[in-house]
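Take a look at the following structure, please.
The values are calculated or read from the model by the stated rules, or taken from the named source; none is laboratory data. It should be emphasised that the depicted structure is a prediction, and the values quoted were computed from it without experimental measurement. Reconstructed Cβ throughout: ideal geometry from the backbone, glycine too, with neighbour counts over all protein chains shown.
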There are 2 protein chains.
Amino acid sequence: MTFSIKKNYNLSRIGELKLSHGIVQTPNFMPVGTYGVVKGLSSDVLKSIGCQIKLANTFHLWLSPGLEIIKKHKDLHNFTNWDKPILTDSGGFQVFSLSKLSKVTKEGVYFRSPINGDRCFLSPEKSMEIQTVLGSDIAMIFDECLPYTTDIDATKKSMELSNYWAYKSKKSFGNSANKLFGIIQGGFHFDLRKESLKALNEIGFDGYALGGLSVGESKKEMYEIVNSIAPLMPIDRPRYLMGVGTPLDILEAVKSGIDLFDCVIPTRNARNGFLYTTKGIVKIRNSKYAIDIDPVDESCECYTCNNFTKSFLHYLQKRKEMLGAQLNTIHNLSFYLDLMKKIRSSIQENSFNTLHETFKLNYSNHDKI
Amino acid sequence: MTFSIKKNYNLSRIGELKLSHGIVQTPNFMPVGTYGVVKGLSSDVLKSIGCQIKLANTFHLWLSPGLEIIKKHKDLHNFTNWDKPILTDSGGFQVFSLSKLSKVTKEGVYFRSPINGDRCFLSPEKSMEIQTVLGSDIAMIFDECLPYTTDIDATKKSMELSNYWAYKSKKSFGNSANKLFGIIQGGFHFDLRKESLKALNEIGFDGYALGGLSVGESKKEMYEIVNSIAPLMPIDRPRYLMGVGTPLDILEAVKSGIDLFDCVIPTRNARNGFLYTTKGIVKIRNSKYAIDIDPVDESCECYTCNNFTKSFLHYLQKRKEMLGAQLNTIHNLSFYLDLMKKIRSSIQENSFNTLHETFKLNYSNHDKI
């Protein structure tokens with residue numbers, strides 16, 4: 001059994017996901033390593049803060065360093081010296097958001113490389129091939145990613161293309177020891193989401209993701225989709241909410257039964273000096289921290305909080321010293337991974353609602369960042 | 001006894017320097033932490049590669065974060081979480097090279113802060129005060145630093161001012177558990193250097209440094225001064241060659257009896273992708289390394305070489321990923337600290353000349369970088 005649920009609490013659940021490179025306890029969060037590495041952190045540091053699975057971007061790695069170099073190292077694990085699980089996205093999101101599109105056909109997408117302007121073609125088959133070379137423990141189907149829209153016809157058309165590509169992805173993925181997840185599209189229309197889920201279910205995947213969120217919609221719109229669709233997703237398969245989110249977003253989604261998350265928020269915010277604490281966000285650039293010799297969070301046991309003062313981190317941030325970005329990233333990822341641990345414990349102990357309410361109270365200002 | 005010599009080999013020697021925060025085995029190399037930290041490396045990483053003493057810049061730390069913040073942390077050791085020895089320069093070199101000078105008087109230097117344009121004044125007394133607040137295990141006297149010149153009158157006048165400031169520095173340094181080193185000036189004139197050394201000797205310091213080198217002169221000019229003056233420096237005190245240099249410079253100076261070095265070369269070169277190996281320099285940006293799955297140096301046992309390929313480092317460098325700068329810095333500092341270890345062993349085993357000749361052979365192209 002790849003995925004086993006250990007305990008339920010209302011719609012929330014704790015589970016264990018067995019992958020080629022190890023076990024992932026769910027709910028869990030995947031730090032984003034665009035180019036295969038989380039900016040500034042070696043694999044050992046990432047491991048030391050309790051990361052069980054990282055996400056890497058297929059699109060970026062395909063363009064650079066390219067498949068030949070990854071193959072020469074055997075896979076992305078060896079290339080980046082990371083022996084734990086990796087999930088890769090399909091490249092769909094990036095091809096639609098980062099590159100100059102030439103043409104979208106039923107077969108795939110023609111576009112210009114944002115690195116060197118080369119003509120490129122990405123398709124379900126190509127995406128599966130790349131993710132197989134990367135050796136991803138979890139590959140994602142290739143899908144079309146629309147920018148935020150409420151146009152029902154455009155959304156339906158795109159969802160149908162994505163479902164066709166999901167079918168093509170599954171067909172070409174082959175008999176791999178690794179897993180393939182489907183991605184539910186359908187924008188902000190409940191019926192389209194349900195239709196997408198039904199079609200994916202018929203194809204059959206190892207896990208299911210909610211895609212096309214966090215694209216500019218309101219929190220309310222996002223939560224409505226998550227709260228209404230997550231409970232309908234196959235109960236015996238991992239459920240992954242892509243590209244989300246803040247601590248509150250994560251808690252809200254766990255409440256509806258989501259198991260996996262990824263987001264650039266903790267790492268990007270860290271580099272910009274926004275640090276998460278149990279009491280809310282510390283903006284380390286703020287001059288009031290210049291002479292504050294307490295750690296970022298008294299109750300945090302991460303390497304950064306155990307060894308350095310807010311004053312020192314403020315100083316590194318002001319001086320743009322890269323050690324600052326590293327120490328901040330260690331702290332924020334520790335905070336996120338610790339939050340996931342707390343979520344798992346609270347489900348185990350039937351106290352998830354209390355945890356959720358506490359965070360709501362402390363993070364009432366959070367979304368302003 | 002603060003400094004004890006354990007073994008001599010011709011003019012070279014191995015020694016032990018006992019400081020407030022630990023013992024430094026000499027000959028040794030001090031990585032440069034301009035703002036108190038070696039760019040990209042936490043104190044723990046620095047320790048893990050065998051660093052026994054780091055150098056920090058008085059001038060930079062005085063201007064930012066400033067003395068109040070350092071005092072609040074007790075000292076620079078606590079601020080940067082580094083419990084081993086620290087040597088600080090006096091600020092002399094930076095005040096003359098980085099700031100807009102207003103006036104140089106017998107009392108000190110009036111200048112504009114390069115950070116905010118504030119009027120500042122640095123003097124022997126002020127430099128000693130700052131270095132005392134920093135808690136430096138080794139403080140340096142405040143001196144004037146000329147740009148490269150062969151003008152004997154200007155050099156003599158500057159040397160005399162520096163000697164006067166050396167006297168004032170000693171006088172105001174007080175009874176500290178920490179050490180104060182004098183700095184021999186006199187440019188590229190043997191007689192002036194001797195005069196400077198004599199004057200400093202009369203004042204009496206815990207150690208002696210050769211300053212005013214690596215300012216644009218030829219290797220020949222530098223080596224002539226080092227080779228002729230080092231042997232005249234007090235035999236029972238540590239001898240420090242400031243701001244030097246390449247592996248070959250270090251070997252050449254150890255041959256003349258120098259014990260301590262500092263230089264930005266290994267760290268700055270690391271960030272630029274120039275990596276030291278026993279076989280010469282690897283320019284990691286070179287496209288031939290894109291697909292090279294060997295470590296930077298087969299015979300190196302550093303963290304970087306143990307875990308990553310040249311191909312991966314090439315990729316990080318091309319993508320300007322800060323992990324690349326870190327891993328390169330770990331490698332280069334490991335190489336430098338390993339070189340110092342080899343130098344000490346070779347003096348112990350009377351094989352220093354062989355080591356020196358081997359490096360000359362492998363680094364014949366080195367100075368081109």
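From the list B:Glu129, B:Glu107, B:Glu125, which one is surrounded by fewer than 19 Cβ atoms within 10 Å (Cβ to Cβ), free of Cβ contacts under 8 Å to residues at least 40 places away in the same chain and under 26 Å from B:Asp206 (Cα atoms)?
The unique qualifying residue is B:Glu107.
With (1) outside any helix (DSSP H, G or I); (2) in contact with a Lys or Arg (Cβ under 8 Å, 6 or more places away or on another chain); (3) not charged (D, E, K, R) as the list, and B:Gly245 as the residue in question, which single condition is left unmet?
(2)
Now, a different point. Examine the range B:298-311 for a residue that is more than 21 Å from B:Tyr336 (Cα to Cα) and in contact with a helix residue (DSSP H, G or I) (Cβ under 8 Å, 6 or more places away or on another chain), and state whether such a residue exists.
Within the range B:298-311, one or more residues are more than 21 Å from B:Tyr336 (Cα to Cα) and in contact with a helix residue (DSSP H, G or I) (Cβ under 8 Å, 6 or more places away or on another chain).
Can B:Asp297 be described as away from every other protein chain (no Cβ under 14 Å), assigned to a loop (DSSP other than H, G, I, E, B) and not hydrophobic (A, V, I, L, M, F, W, C)? Quick ask: steps written out before the conclusion?
On the way: away from every other protein chain (no Cβ under 14 Å): yes; assigned to a loop (DSSP other than H, G, I, E, B): yes; not hydrophobic (A, V, I, L, M, F, W, C): yes.
Considered against the rule, which asks whether it is away from every other protein chain (no Cβ under 14 Å), assigned to a loop (DSSP other than H, G, I, E, B) and not hydrophobic (A, V, I, L, M, F, W, C), B:Asp297 comes out as yes.
Would you mind telling me which numbered condition in (1) surrounded by fewer than 19 Cβ atoms within 10 Å (Cβ to Cβ); (2) under 18 Å from the mean Cα position of the chain (by Cα) A:Gln185 fails?
(1)
Just give me the residues in the range B:201-246 being closer than 24 Å to B:Leu275 by Cα, crowded, with 21+ Cβ neighbours inside 10 Å and over 13 Å from the mean Cα position of the chain (by Cα), in sequence order.
Hits for the range B:201-246: nothing passes.
Go through the range A:1-37 and count every residue that is within 13 Å of chain B (Cβ to nearest Cβ), at positive phi and part of a strand (DSSP E or B).
Summing the residues that are within 13 Å of chain B (Cβ to nearest Cβ), at positive phi and part of a strand (DSSP E or B) in the range A:1-37 gives 0.
Pick from the range B:38-57 the residues that are within 12 Å of B:Thr88 (Cα to Cα) and touching a Leu at 6+ places or on another chain (Cβ under 8 Å): which of them is farthest from the other protein chains (Cβ to nearest Cβ)? Working first, answer last.
First, pick out the residues of the range B:38-57 that are within 12 Å of B:Thr88 (Cα to Cα): B:53-57.
After this cut, where a residue has to be touching a Leu at 6+ places or on another chain (Cβ under 8 Å) as well, the list is B:53-56.
Details: B:Ile53: 19, B:Lys54: 13, B:Leu55: 16, B:Ala56: 13 Å.
The residue in question is B:Ile53.
When only residues in the range B:313-323 that are under 12 Å from B:Phe274 (Cα atoms) and more than 9 Å from chain A (Cβ to nearest Cβ) count, which is surrounded by the fewest Cβ atoms within 10 Å (Cβ to Cβ)?
B:Gln317
Suppose we filter the range A:144-157 for residues that are crowded, with 17+ Cβ neighbours inside 10 Å and at pLDDT below 95; how many remain?
Of the residues in that region, 3 qualify.
Here is a follow-up. Please tell me if A:Ile347 is farther than 17 Å from A:Ile49 by Cβ, out of contact with any Gly (no Cβ under 7 Å at 6 or more places or on another chain) and more than 14 Å from every other protein chain (Cβ to nearest Cβ).
yes
Please determine, by comparing only the residues of the range B:316-369 that are among the aliphatic types (A, V, I, L, M) and at pLDDT below 95, which one is nearest to A:Pro65 (Cα to Cα).
Restricting to residues being among the aliphatic types (A, V, I, L, M) and at pLDDT below 95, the top hit is B:Ile369.
Inspect all residues belonging to the range A:290-313 and state whether any of them is without any contact (Cβ under 8 Å) to a residue 60 or more places away in the chain and either assigned by TED's automatic domain parsing to the domain that holds A:Ile86 or in contact with a Gly (Cβ under 8 Å, 6 or more places away or on another chain) (or both).
Our first condition is that a residue be without any contact (Cβ under 8 Å) to a residue 60 or more places away in the chain; within the range A:290-313, this holds for A:290-301, A:304-313.
Cutting the leftovers down to either assigned by TED's automatic domain parsing to the domain that holds A:Ile86 or in contact with a Gly (Cβ under 8 Å, 6 or more places away or on another chain) (or both) gives us A:313.
Checking the range A:290-313: at least one residue is without any contact (Cβ under 8 Å) to a residue 60 or more places away in the chain and either assigned by TED's automatic domain parsing to the domain that holds A:Ile86 or in contact with a Gly (Cβ under 8 Å, 6 or more places away or on another chain) (or both).
I'm checking my understanding of the structure. Among residues of the range B:181-211 that are in a strand (DSSP E or B) and not small (Gly, Ala, Ser), which one is farthest from B:Ile141 (Cα to Cα)?
From the range B:181-211, those in a strand (DSSP E or B) are B:181-184, B:207-210; that's our starting set.
Imposing the further condition that a residue be not small (Gly, Ala, Ser) reduces the set to B:181, B:183-184, B:208, B:210.
Numbers: B:Phe181: 6, B:Ile183: 7, B:Ile184: 10, B:Tyr208: 10, B:Leu210: 12 Å.
That would be B:Leu210.
Sticking with this one: Could you count how many residues in the range A:101-132 are part of a loop (DSSP other than H, G, I, E, B) and at negative phi? Steps first, answer last, please.
Step one: list which residues in the range A:101-132 are part of a loop (DSSP other than H, G, I, E, B), which gives A:105-108, A:113-118, A:123.
After this cut, where a residue has to be at negative phi as well, the list is A:105-107, A:113-116, A:118, A:123.
Of the residues in that region, 9 qualify.
Take B:Ala290 and decide whether it is within 14 Å of chain A (Cβ to nearest Cβ) and in contact with a Lys or Arg (Cβ under 7 Å, 6 or more places away or on another chain).
Answer is no for this residue.
Could you check B:Tyr336 against (1) assigned to a loop (DSSP other than H, G, I, E, B); (2) away from every other protein chain (no Cβ under 14 Å); (3) crowded, with 19+ Cβ neighbours inside 10 Å and say which number it fails?
(1)
Now for a separate question. Going through B:Lys279, B:Lys255, B:Lys288 one at a time, which residue ends up being modelled with pLDDT under 95 and either over 22 Å from B:Leu200 (Cβ atoms) or among the small types (Gly, Ala, Ser) (or both)?
Result of the check over B:Lys279, B:Lys255, B:Lys288: B:Lys279.
Here is a list of conditions, (1) buried (at least 17 other Cβ atoms within 10 Å of the Cβ); (2) in contact (Cβ under 8 Å) with a residue 24 or more places away in the chain; (3) on the phi < 0 side of the Ramachandran plot, and B:Gly135 meets all of them except one; can you say which number that is?
All conditions are met except number (3).
Same structure, new question: Which one of A:Ile225, A:Ile258, A:Ile284 is farther than 25 Å from A:Ala56 by Cα and touching a strand residue (DSSP E or B) at 6+ places or on another chain (Cβ under 6 Å)?
Answer to the selection: A:Ile284.
Let me ask something else about it. Scan the range A:254-287 residue by residue and report those that are within 14 Å of chain B (Cβ to nearest Cβ) and hydroxyl-bearing (Ser, Thr, Tyr).
A:Thr267, A:Ser287
Just to verify a result, which residue in the range B:300-309, among those that are more than 11 Å from chain A (Cβ to nearest Cβ) and more than 26 Å from A:Glu321 (Cβ to Cβ), is surrounded by the most Cβ atoms within 10 Å (Cβ to Cβ)?
Step one: filter the range B:300-309 for residues more than 11 Å from chain A (Cβ to nearest Cβ), giving B:300-302, B:305.
Still in the running and more than 26 Å from A:Glu321 (Cβ to Cβ): B:300-301.
Working: B:Cys300: 19, B:Glu301: 10.
Per the criteria, the residue is B:Cys300.
Quick one: would you say B:Val24 is closer than 16 Å to B:Thr267 by Cβ and either at pLDDT 95 or above or in contact with a helix residue (DSSP H, G or I) (Cβ under 7 Å, 6 or more places away or on another chain) (or both)?
So B:Val24 fails the test.
Tally time: how many residues in the range B:64-100 are within 14 Å of chain A (Cβ to nearest Cβ), crowded, with 20+ Cβ neighbours inside 10 Å, part of a helix (DSSP H, G or I) and of a type in the set (A, V, I, L, M, F, W, C)?
The qualifying residues number 4.
In the range A:133-182, what residues are of a type in the set (Phe, Trp, Tyr) and within 18 Å of the chain's Cα centre (by Cα)?
A:Phe142, A:Phe181
Output the residues belonging to the range B:43-56 that are free of Cβ contacts under 8 Å to residues at least 60 places away in the same chain and surrounded by fewer than 20 Cβ atoms within 10 Å (Cβ to Cβ).
Across the range B:43-56, the qualifying residues are B:Asp44, B:Lys47.
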